[in-house]
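The values are calculated or read from the model by the stated rules, or taken from the named source; none is laboratory data. In this text the structure is predicted, and so the values were computed from the model without any measurement. Surface areas here come from the heavy atoms of the whole protein model, side chains and all, with no ligands, DNA or RNA. Shrake-Rupley method; radii C 1.70, N 1.55, O 1.52, S 1.80 Å.
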Amino acid sequence: MLLCMIVNAQTVHFFQDSQTGGYYDTGLAFATNPSTLLAAGSTGDKIPVAWDVPPVEGENSLRLRWASHPGGDWSAFIIAPGFPFQNIAVTDTLSFWCYAPNGITAANLPAIAMEGAPGNTRSNAYPLTPYTSDIPAQEWTLVKVPLSIFFDDPNQTNINFNQIKAIILRQHNADAVEHELLIDNVRTYRINASGSAVDTPPT
């Protein structure tokens with residue numbers, strides 16, 4: 001298990017653990033043909049939960065299994081329990097851990113976006129390529145994205161970063177190949193001048 005300790009920090013959590021056996025109740029999975037995204041739950045639109053790989057934190061992680069095809073689309077909405085709108089304007093970094101059973105190149109990782117007020121406004125989407133190298137097989141890897149790419153984008157939508165509901169992982173490179181990625185500990189945070197963050201992968 002991983003111990004993630006944030007000292008003197010402001011942290012906004014979107015996923016830490018699922019209390020539902022087979023899926024994350026506030027994690028939503030949607031796909032448009034011909035692309036596919038694994039979904040679970042009786043409504044068929046929940047992000048599945050992985051129990052077979054020791055997670056970074058807690059008891060489980062999120063399982064994304066997708067195939068991106070030209071002309072299709074898919075999106076996974078990672079939302080805190082209770083579907084709250086959360087203020088991330090006071091934070092400066094978005095981070096999450098990922099685990100690829102078979103490895104995955106950075107170019108084939110999903111793009112990242114957000115949803116929030118007003119209404120269900122979505123931000124622009126950004127590739128993860130500048131913020132991580134290839135993800136090795138069967139090894140938890142930390143990805144950190146500076147929130148300045150959202151905040152400082154002159155072409156950003158009118159999304160309100162004081163009221164963010166979802167972190168979105170969505171289709172990026174339509175390579176028509178099935179990929180699988182486990183996701184854990186999705187959060188934004190700001191470290192105070194006197195604080196530090198310790199991130200240690202599980203052994």
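Mean separation of Cα pairs under 8 Å and 6 or more residues apart, divided by the residue count, gives the chain a relative contact order of 34 percent. Residues whose amide H lies under 5 Å from that of Asp45, counting only those 5 or more places away or on a different chain, are Ala40; hydrogens are built 1.01 Å from N in the peptide plane. For the range 8-130, the Cα-based Rg and Dmax, in that order, read 14.8, 46 Å.
Its DSSP H runs of at least 4 residues, each contributing -39,500 (n - 2.57), put the calculated 222 nm mean residue ellipticity of the chain at -500 deg cm²/dmol, to the nearest 500. Pairs of Cα atoms nearer than 8 Å and 6+ residues apart set the relative contact order; for the range 99-171 it is 45 percent.
A simple rule links phi to the HN-Hα coupling: the Karplus curve 6.51 cos²θ - 1.76 cosθ + 1.60 with θ = phi - 60°, which for the range 61-73 gives 9, 8, 10, 9, 10, 9, 9, 9, 10, x, x, x, 6 Hz, with x for Gly and Pro. Annotation: amide H of Ser35 within the under-5 Å range of His69, Gly72, Asp73, sequence separation 5 or more or interchain, hydrogens built in the peptide plane. Could you work out what % of the accessible surface of the chain is carbon and sulfur, using a 1.4 angstrom probe and leaving DNA, RNA and ligands out of the count? Carbon-and-sulfur percentage of accessible area, whole number: 50.
Shown in residue order for the range 127-144 are the 3J(HN,Hα) couplings computed by the Karplus curve 6.51 cos²θ - 1.76 cosθ + 1.60 at θ = phi - 60°: x, 8, 3, x, 10, 7, 8, 4, 8, x, 5, 6, 8, 5, 10, 8, 10, 10 Hz (x for Gly and Pro).
Taking Val56, Val12, Val186 as the candidate residues, the one with maximal mean-square fluctuation in a Gaussian network model of the chain, Cα springs under 10 Å, is Val12. Taking amide H positions as modeled 1.01 Å from N, with prolines and chain starts lacking one, the residues under 5 Å from Thr20 and 5 or more places away or on another chain are Asp25.
Per residue, the chain exposes 44 Å² of accessible surface when a 1.4 Å probe is rolled over the protein heavy atoms with every protein chain present. Comparing Ile47, Ile168, Ile159 in a Gaussian network model of the chain, where Cα atoms under 10 Å apart are tied by springs, the biggest mean-square fluctuation is seen for Ile159. Residue by residue, the range 19-36 carries 3J(HN,Hα) couplings of 8, 9, x, x, 7, 8, 4, 9, x, 10, 10, 10, 9, 10, 4, x, 5, 10 Hz when phi is fed to the Karplus relation 6.51 cos²θ - 1.76 cosθ + 1.60 (θ = phi - 60°); x denotes Gly or Pro. Largest GNM mean-square fluctuation among Ser148, Ser42, Ser61, using the chain with Cα springs under 10 Å: Ser42.
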